[in-house]
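This report concerns only the one structure given below.
Derivation of every value follows stated rules applied to the coordinates shown; laboratory data play no part. Keep in mind that what you see is a predicted model, and the values were worked out from it rather than measured. Cβ sites come from the backbone with ideal geometry, for glycine too, and all protein chains shown count toward neighbours.
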Ligand code: ATR
């Protein structure tokens, strides 16, 4: 019988996950289908019961349910529990277990550009859910430091205080971070600034760039945000959000099927959906 996989969120119409995962099911000859479901917050508990009763193989969770889903799961993996957000659920013998593959997906994507985060000085811009997943994941990799810059500095301070892994960190204003940008080996932009309708904006002005630094933006539409374009003009290497998106999906696919999929195939598929060239 065909296995059901899904993504739940609201809105969900623009998700590229169904095309990406259905292509993989067909490529690996797995008898399964992946369906997007628009789920309103007030229906989340009922939907969870329904998916479980139907014997769903697993599903992805996106905005606005990544934290709200936690009480309805049978089990939550340690990293996901610490981040406080789940993006991947696996049906493990009738029990629904939640994982977070956003942070690990970012890290795996990063490894296509740099060999290690150990000993590196990192700046993360933003202090929302994505920043939290990336910060907690990178904190485990023995970086020299991870500073957090955010419009609301108290949120950056709170995020640092919440991190269960020991790492040297300072909370900075966006202006301070821009002034100090030349200190960092790796800068990760996690806010929505740069995405439509804010394509003409960038969260901070980079004053200078350290030699051989890598600047990442987790946005993939547009493929190059204003921030990434500015970083490239200053001589930095850049990475857009496609790798994070592809690797979070690859890690989810592996949890559901035991197969680590062909990420180049996934990348090409996502780029085709976006209609552009890699950055
Ligand atoms: P996500 O889960 O995608 O990370 P989020 O939790 O809503 O999204 O977080 C959004 C991030 O973008 C926050 O860091 C937010 O800054 P605040 O904590 O000050 O709200 C940041 N952000 C959103 N709009 C912004 C703007 N116009 N200027 C600067 N930062 C902005």
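Taking the number of Cβ atoms within 10 Å of each Cβ as an exposure proxy, the fewest-first ranking of 163, 216 is 163, 216.
Counted by neighbouring Cβ atoms within 10 Å, the residues 16, 244, 148 run from fewest to most as 16, 148, 244.
Once the C-beta distance of residue 116 and residue 10 is scaled by a Förster radius of 45 Å, the resulting FRET efficiency is 0.75 to the nearest 0.05. Remark: 260, 27 ranked as 260, 27, counting other beta-carbon atoms within 10 Å and listing the fewest first. A Förster radius of 30 Å, combined with the Cβ-Cβ distance separating residue 49 from residue 259, puts the computed FRET efficiency at roughly 0.55. In degrees, nearest 10, range 0 to 90: what is the angle between the Cα axis of helix 44-53 and the longest Cα principal axis of the chain? Result, in degrees: 50. Calculation over all alpha carbon pairs of the chain in 10 angstrom steps from 0 returns a P(r) of 7, 29, 35, 22, 7, 1 percent. Taking the Kirkwood radius as Rh and the Cα radius of gyration as Rg, the range 227-278 has a ratio of Rg/Rh equal to 1.10. Computed over the Cα atoms of the range 36-76, pair by distinct pair, the Kirkwood hydrodynamic radius stands at 10.7 angstrom. Label-to-label distance for residue 205 and residue 40 is 4.6 nm, based on points extended 7 Å past Cα in the beta-carbon direction.
A Förster radius of 30 Å combined with the Cβ-Cβ distance from residue 166 to residue 212 puts the calculated FRET efficiency at roughly 0.65.
Seen from all directions on average, the range 164-279 presents a Cα convex hull projection of 9.2 nm².
Taking each residue as 0.36 nm, the span from residue 233 to residue 75 lengthens on full extension beyond its C-alpha to C-alpha distance by 52.3 nm.
State the dimensionless ratio Rg/Rh of the range 149-211 (Rg: radius of gyration of Cα atoms; Rh: Kirkwood radius).
With Rg and the Kirkwood Rh in hand, the quotient comes to 0.99.
Only helices enter the 222 nm calculation for the chain: every DSSP H run of n ≥ 4 contributes -39,500 (n - 2.57), and dividing by all residues gives -10500 deg cm²/dmol, rounded to 500. For the chain, the share of DSSP beta bridges that are antiparallel, to the nearest 5, is 20%.
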